[in-house]
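Reviewing the structure listed below.
The values are calculated or read from the model by the stated rules, or taken from the named source; none is laboratory data. Values in this document were obtained by computation on a predicted structure and should not be read as measured data. Cβ placement follows ideal geometry from the backbone for every residue including glycine, while neighbour counts extend to all protein chains displayed.
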Amino acid sequence: PGTERGALPRSTGPPKDFQPATEKLTIGSLDKPKLQVEAQYNPKELEISKTIPWTPHAKQNADGLQMEFTGGKARELTVELFFDGYETGGIAGKVSVADAIKNLNEMASVRVPGSHSDEERRPHHCFVMWGKLIQGNKTFQCVITSVKTKYTMFKTDGTPMRAICRVALYATTPGLEGNTPAR
């Protein structure tokens with residue numbers, strides 16, 4: 001049957017561009033390729049911000065305050081990841097979410113404390129990958145600037161079973177040290 005004038009055609013589901021994601025968001029280290037965290041559930045949103053630094057100029061005129069551009073800043077990406085070891089742990093053994101959180105914290109920590117090498121006395125250079133994440137790029141090369149973890153469920157022995165991690169990342173120069181992300 002046809003549609004009446006002005007009526008919308010029947011929906012056969014979401015348009016093909018709005019199908020459920022088949023790829024999982026991944027945060028990984030460019031310095032240690034096997035160090036990665038794959039989102040258990042893709043985030044419902046990403047926040048991308050770019051600060052444009054302006055400061056008041058020392059000279060003012062009759063029209064008001066003059067502003068001076070003081071340089072560029074990189075984009076920042078913030079994402080909230082939900083980890084659930086209770087529902088996905090199977091009937092016999094529920095799994096802790098501690099390993100995923102340990103890996104995030106390792107990427108945000110100094111690689112080799114006390115090393116004499118500047119390269120090793122810094123946290124990991126990282127990447128975020130999720131489909132066509134930002135402006136058609138498949139990867140967002142970055143450093144982690146903060147990891148905030150809220151544990152929301154525990155086993156009776158205190159093992160964390162659910163957690164929400166809010167991860168802030170700051171864009172860095174693409175092609176850092178010639179490394180490319182490994183899947």
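Overview of results
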{"quantity": "Residue count for segment 24-68, restricted to those that are exposed (fewer than 10 other Cβ atoms within 10 Å of the Cβ) and either among the aromatic types (F, W, Y) or within 14 Å of A168 (Cα to Cα) (or both)", "calculated": "1"}
{"quantity": "Near pairs, Cβ below 9 angstrom, 6+ apart or cross-chain, from segment 163-183 (modelled with pLDDT under 50) to any residue that is surrounded by fewer than 15 Cβ atoms within 10 Å (Cβ to Cβ) and charged (D, E, K, R)", "calculated": "E177/E119; P181/K138; A182/K34"}
{"quantity": "Restricting segment 88-130 to residues that are surrounded by 12 or more Cβ atoms within 10 Å (Cβ to Cβ), of a type outside the set (S, T, N, Q) and at pLDDT below 80, the residue that is farthest from the chain's Cα centre (by Cα)", "calculated": "K94"}
{"quantity": "Q36 in contact with a Ser or Thr (Cβ under 7 Å, 6 or more places away or on another chain) and either within 22 Å of T159 (Cα to Cα) or at pLDDT below 90 (or both)", "calculated": "yes"}
